[in-house]
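The values are calculated or read from the model by the stated rules, or taken from the named source; none is laboratory data. Remember, it's a predicted structure, so these values are computed and weren't measured experimentally. Note: areas computed on protein heavy atoms with side chains; ligands, DNA, RNA excluded. Shrake-Rupley method; radii C 1.70, N 1.55, O 1.52, S 1.80 Å.
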Amino acid sequence: MNSSTPARRRPGRRVTVAAGLVLALGLGAAAQASAAEPRTAKAEARASSASIALSDSDASLSGRQMIRVLKSLLPKGGKIYDQQSQEGYGALVWDDGHGKSMIGVNAQDDMGDVLEGRMGCEGDYIECQALTLTDGTQVKRAKRASEKGGSAVVWLVDTLHPDGRRVIVQEVNSSAESGPVTRPQPPLTLDRLQVIALDSRWAG
């Protein structure tokens, strides 16, 4: 992405994320620290590209809106459990009849500078592909082992738009990353996760 591209700013809207939501999403240690105390410096706000990163960047949708959009983008016929949300974040447990899966989404604005040079495949991944779409959107599609030490696997699509808007969607083959495996693999393909992450409704 061209680092000179101006990012949208929405002054006055900051996100405070409950630590319980971070744990429910099964996020990494850096994300948990972000939820536990506010970030004041850009260096501290740098997001982990290996998992959904929670920072105090501006968010455009309420938690209720996040859940509503996520539900509308899931395949029809599944059952939904345990919804949790915060401004800019939403997570639920979804069962398509073959086992429960935690699915979470994180939408942030003004992340271009924070993530400059960090949308590649550096890190410990089972599989990873980094690409740039024709409109300049950077996309990372990855699979990784659970960061919680269990046998669950996480599939994720992380997207960064030229205007600085970031949307990450991830799923686990468990009802929580730290929980027991409920199915051989997560229910949605990376292609489907990419469609969800690139949906225009996350822009608000």
What accessible area per residue, rounded to a whole number of Å², is obtained for the stretch 74-204 using a probe radius of 1.4 Å?
41
Lys100: which lysines have alpha carbons under 29 Å from its alpha carbon, excluding same-chain residues fewer than 8 sequence positions away?
Lys71, Lys76, Lys79, Lys140, Lys143, Lys148
